Structures are given as structure tokens and as C-alpha cells.
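To start, the structure itself, in C-alpha cells.
The values are calculated or read from the model by the stated rules, or taken from the named source; none is laboratory data. Keep in mind that this is a model prediction, so the values were computed, not measured. So basically every Cβ, Gly included, is an ideal-geometry build from the backbone, and we count neighbours across all protein chains shown.
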Amino acid sequence: MRRGARPRRARSIGAAALVLTAVALLTGCTPSVPLDPAADAENPGCADLIVRLPDTVADQPSRETNAQATGAWGDPAAILLHCGVDVPGPTTLPCVTINGIDWIEDDSEAPLYRFTSYGREPATEIVIDSDRVAGSTALVDLSPAMEFIPATSACLGAEDLDIPGS
């Protein structure tokens with residue numbers, strides 16, 4: 001064995017430990033929220049949205065995420081955002097309009113509510129833990145950023161249809 005090999009290895013391990021400690025201190029105590037990017041996350045419209053996301057939503061602080069075109073708020077995360085999800089077509093799910101943004105509401109996993117933007121491409125999905133935050137408050141807080149994805153259509157209800165013979 002070469003003389004001095006052990007001290008060099010010890011120095012390398014010590015340097016690696018120092019770097020890892022510094023990274024941990026710089027990133028804070030809260031790790032990033034692990035998410036998967038949506039299929040169309042690379043859409044330039046998602047970049048327009050993501051750079052405008054607020055620092056707080058429903059009084060929950062923003063969190064770092066590990067995926068493109070995503071956002072998260074709360075610790076643990078109570079609000080998750082994915083831009084670039086499949087653009088929804090006609091549906092029988094309720095559609096709500098909040099601050100000029102149309103959202104399809106899916107409560108099939110309550111208390112988790114899934115809201116998908118309607119009439120905007122790329123589409124954005126917001127998942128909200130209703131045990132921790134009010135969905136309407138979160139959608140109000142996200143509306144200013146959502147306005148940067150132009151509306152191409154709006155939700156329609158039965159009252160908007162011309163039904164022959166009625």
C-alpha cells in the first residue's frame with residue numbers, strides 16, 4: 001500500500017461530508033416536494049405560469065419541487081400544482097368559475113379535491129387537501145398567475161344549450 005493513501009481518502013470523505021452538510025444548510029430543513037412532471041410540462045405556457053406563482057397560497061408558504069412546471073404550498077404540502085396536464089374535454093363534472101378562471105371540480109377522492117383548468121391550453125391541475133385549506137381561497141390566490149394562460153373557451157351548462165323542442 002502506498003504511503004499517505006489513507007490520509008488522502010480520509011480527506012476526500014471529510015470534504016464530501018462538508019459539501020453535503022453545506023448543501024443541507026443552504027436548502028433548509030424542508031426537503032423538496034417529490035412530483036412527476038405532466039406530459040406537456042415543457043409547453044411555453046407553463047413557463048409563463050410557473051414564474052408568476054405566488055409565494056403563499058391560502059396562507060401556506062411555497063415549497064420547492066423536483067419537477068418541471070409544478071408548484072407546492074404548505075408543510076406538509078396541502079396544495080399541489082401541475083401545468084401541462086391533459087386538456088379536458090366535455091364532462092359531466094361540475095365547472096366553477098373563480099375570478100374569471102374556469103375549473104372542473106373532481107371530488108371523487110375527498111378530502112382531496114382536484115381542480116383542472118378548463119378552456120386554457122396548457123391545462124393546469126390543482127390538488128387541494130380540503131382538511132387543511134379552503135379550495136376557493138387557493139384558487140383565488142392562483143387566479144392572477146392563471147390569467148397568463150389565455151382562455152380559448154368557457155364552461156357551459158345545460159342552460160347554455162339550445163335544445164330542440166324546449
>> Just the residues that are free of Cβ contacts under 8 Å to residues at least 60 places away in the same chain and either under 17 Å from residue 59 (Cβ atoms) or crowded, with 22+ Cβ neighbours inside 10 Å (or both), please, taken from region 133-157.
In response: 135, 136, 139, 140, 143
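Take the conditions under 11 Å from the mean Cα position of the chain (by Cα), among the aliphatic types (A, V, I, L, M) and under 23 Å from residue 42 (Cβ atoms) and apply them to residue 145. Does it pass? Explain how you work it out, then say what you get.
Values: under 11 Å from the mean Cα position of the chain (by Cα): no; among the aliphatic types (A, V, I, L, M): yes; under 23 Å from residue 42 (Cβ atoms): yes.
In short, no.
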> residue 59 passes all but one of (1) touching a residue at least 60 places away in the same chain (Cβ under 8 Å); (2) over 23 Å from residue 43 (Cα atoms); (3) buried (at least 20 other Cβ atoms within 10 Å of the Cβ); which number fails?
Replying inline: (3)
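Can you name the residue in region 82-106 that is touching a Leu at 6+ places or on another chain (Cβ under 9 Å) and among the acidic types (Asp, Glu) and, of all such residues, is surrounded by the most Cβ atoms within 10 Å (Cβ to Cβ)?
Taking region 82-106 first, the residues touching a Leu at 6+ places or on another chain (Cβ under 9 Å) are 82-83, 90, 95-96, 98-99, 101, 103-106.
Within this subset, residues satisfying the condition of being among the acidic types (Asp, Glu) are 105-106.
Numbers: 105: 14, 106: 18.
The qualifying residue surrounded by the most Cβ atoms within 10 Å (Cβ to Cβ) is 106.
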>> Residues that are surrounded by fewer than 17 Cβ atoms within 10 Å (Cβ to Cβ), touching an Asp or Glu at 6+ places or on another chain (Cβ under 8 Å) and under 16 Å from residue 125 (Cα atoms): does region 42-51 have at least one?
In response: no
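Look at region 103-125 and say how many of its residues are within 14 Å of residue 136 (Cβ to Cβ) and either in contact (Cβ under 8 Å) with a residue 40 or more places away in the chain or in contact with a Ser or Thr (Cβ under 8 Å, 6 or more places away or on another chain) (or both). Steps first, answer last, please.
Going residue by residue through region 103-125, those that are within 14 Å of residue 136 (Cβ to Cβ) are 103, 105, 107, 113, 115.
Within this subset, residues satisfying the condition of being either in contact (Cβ under 8 Å) with a residue 40 or more places away in the chain or in contact with a Ser or Thr (Cβ under 8 Å, 6 or more places away or on another chain) (or both) are 103, 113.
Residues meeting the conditions: 2.
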> (1) surrounded by 14 or more Cβ atoms within 10 Å (Cβ to Cβ); (2) at pLDDT below 95: which one isn't true of residue 164, the others all being true?
Replying inline: (1)
